[in-house]
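**Q** Take this structure, written in structure tokens, and hold onto it; I'll ask about it next.
The values are calculated or read from the model by the stated rules, or taken from the named source; none is laboratory data. These numbers come from a predicted model, not from an experiment. For neighbour counting, all protein chains shown are included, and Cβ atoms are generated from backbone atoms with ideal geometry for every residue, glycine included. Just the protein is used for accessible areas: all its heavy atoms, side chains included, with ligands, DNA and RNA removed. Shrake-Rupley method; radii C 1.70, N 1.55, O 1.52, S 1.80 Å.
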Amino acid sequence: MTETIKIAVQKSGRLSEKSLQLLKDCGIKFSNGTRKLTSKAKNFPLEILFLRDDDIPQYVASGVAHLGILGLNEVEEKDQKVDVVKQLGFAGCRLSLAVQKDTAYTGLEWFNGKRVATSYPNIVEKFFADKNINATTEEIGGSVEIAPGIGLAEGICDIVSTGSTLIMNGLKEVETVMNSEAVLIATPNLEAAQSDLLQKILFRLEAVQNAQKSKYILLNAPNEKIEEISALLPGMKSPTVLPLAVEGWSSLHSVISEEDFWNVIDQLKEAGAEGILVSDIQKLIA
Ligand code: ATP
Ligand code: MG
């Protein structure tokens with residue numbers, strides 16, 4: 001039997017779709033019947049295990065799954081022996097402390113002697129211990145926002161992305177405990193076969209991530225402006241310059257980050273660039 005690598009992804013929730021999409025973007029094909037608990041990739045020695053995100057750190061720490069995709073918040077909370085091998089750039093959020101909106105909040109010391117309702121007791125207890133704050137936690141599984149209103153706790157610590165859920169529940173955010181995003185974790189000290197497969201996956205992930213950050217840019221320029229315009233395009237090496245059928249004009253091709261593009265667009269036009277065309281890149285190997 002050929003060696004395979006097993007990756008645990010969230011069965012159903014906020015991370016599921018993007019986790020599977022990331023594997024697909026890496027050229028890994030599989031059928032994802034929603035009720036199946038495992039799925040074998042068709043063109044890569046990889047098997048997907050569909051699990052609750054809470055269980056992923058333990059599966060990966062024990063080596064039952066070699067890899068896992070989940071939020072950094074969950075990795076920290078479970079505190080298992082796993083390596084965080086890559087930040088994946090999606091499911092960005094933060095774990096924050098919040099209190100009732102009419103509270104006269106004076107700073108972290110306010111939490112001394114207070115109770116904080118959270119689904120992340122380990123993270124919160126460590127945070128308060130580091131800051132020498134003497135608060136206690138009340139662990140609850142969900143709907144944490146209602147805790148202050150019903151007298152279970154004075155504050156909460158929960159995941160925030162826009163903050164609208166807090167506001168809707170009469171709360172205000174007062175401190176960030178940690179920032180989180182989806183990460184790829186791995187069993188420490190993988191066997192050689194799985195370690196090689198992980199390197200292959202990381203190589204592909206990098207190509208996908210580079211591509212997502214970059215755009216392919218094509219533009220036409222009068223020949224005497226090529227130097228000036230090239231200097232504005234921080235491409236991979238230097239832009240490709242091809243003569244146009246029209247005398248005295250060339251076409252410049254390069255790769256540019258989306259952010260840089262917006263920063264230089266006005267200068268490009270001022271320098272005489274015309275017919276500027278920007279398109280997505282699927283994979284980019286630097
Ligand atoms: P499971 O049933 O697998 O235990 P869950 O209810 O614990 O799922 P989800 O709500 O699906 O988890 O969230 C999974 C992860 O997505 C969180 O741990 C966090 O990292 C991230 N996340 C949660 N809420 C948000 C949000 N509002 N914006 C961005 N990311 C979020
Ligand atoms: Mg969970």
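**Q** Go through the residues of segment 261-284 one by one and say whether even a single one is open to solvent by less than 100 Å² (accessible area, probe 1.4 Å), touching a Ser or Thr at 6+ places or on another chain (Cβ under 8 Å) and either over 30 Å from GLY27 (Cα atoms) or in a helix (DSSP H, G or I) (or both).
**A** No.
**Q** Same structure again: How many residues are under 10 Å from ALA8 (Cβ atoms), under 22 Å from the mean Cα position of the chain (by Cα), away from ligand 1 (no atom under 15 Å from the Cβ) and open to solvent by 20 Å² or more (accessible area, probe 1.4 Å) if we restrict to segment 48-75?
**A** Residues flagged as under 10 Å from ALA8 (Cβ atoms), under 22 Å from the mean Cα position of the chain (by Cα), away from ligand 1 (no atom under 15 Å from the Cβ) and open to solvent by 20 Å² or more (accessible area, probe 1.4 Å) within segment 48-75 amount to 1.
**Q** Pairs under 6 Å by beta carbon, first residue over 17 Å from VAL174 (Cα atoms) and among the charged types (D, E, K, R) in segment 112-139, partner at pLDDT 95 or above and in a loop (DSSP other than H, G, I, E, B), six or more apart or different chains?
**A** If the second residue must be at pLDDT 95 or above and in a loop (DSSP other than H, G, I, E, B), the pairs left are GLU138/LEU152; GLU138/ALA153.
**Q** Give the residues of segment 217-237 that are in contact with a strand residue (DSSP E or B) (Cβ under 8 Å, 6 or more places away or on another chain) and open to solvent by 80 Å² or more (accessible area, probe 1.4 Å), sorted by residue number.
**A** Scanning segment 217-237 gives a single hit, MET236.
**Q** Also, quick follow-up: I need every pair where a residue in segment 235-248 that is farther than 16 Å from LEU268 by Cβ has its Cβ under 7 Å from the Cβ of a residue that is in a loop (DSSP other than H, G, I, E, B), sequence separation at least 6 or different chains.
**A** Filtered contacts from segment 235-248: MET236/ALA286.
For every residue, the table says whether it meets (1) touching a His at 6+ places or on another chain (Cβ under 7 Å); (2) among the polar types (S, T, N, Q); (3) within 16 Å of ligand 2 (Cβ to nearest atom); (4) closer than 27 Å to ASP25 by Cβ.
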site	(1), (2), (3), (4)
GLY68	no, no, yes, yes
GLN80	no, yes, yes, no
LEU95	no, no, yes, no
GLY107	no, no, no, no
ASN122	no, yes, yes, no
GLY141	no, no, yes, no
ILE150	no, no, no, no
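**Q** Applying the selection to segment 144-182, what residues are open to solvent by 70 Å² or more (accessible area, probe 1.4 Å), free of Cβ contacts under 8 Å to residues at least 12 places away in the same chain and under 24 Å from the mean Cα position of the chain (by Cα)?
**A** Residue satisfying the conditions is THR162 alone.
**Q** Only one of these conditions is not met by ALA91: (1) part of a loop (DSSP other than H, G, I, E, B); (2) open to solvent by 50 Å² or more (accessible area, probe 1.4 Å); (3) within 14 Å of ligand 1 (Cβ to nearest atom); (4) not aromatic (Phe, Trp, Tyr). Which number is it?
**A** Single failed check for ALA91: (2).
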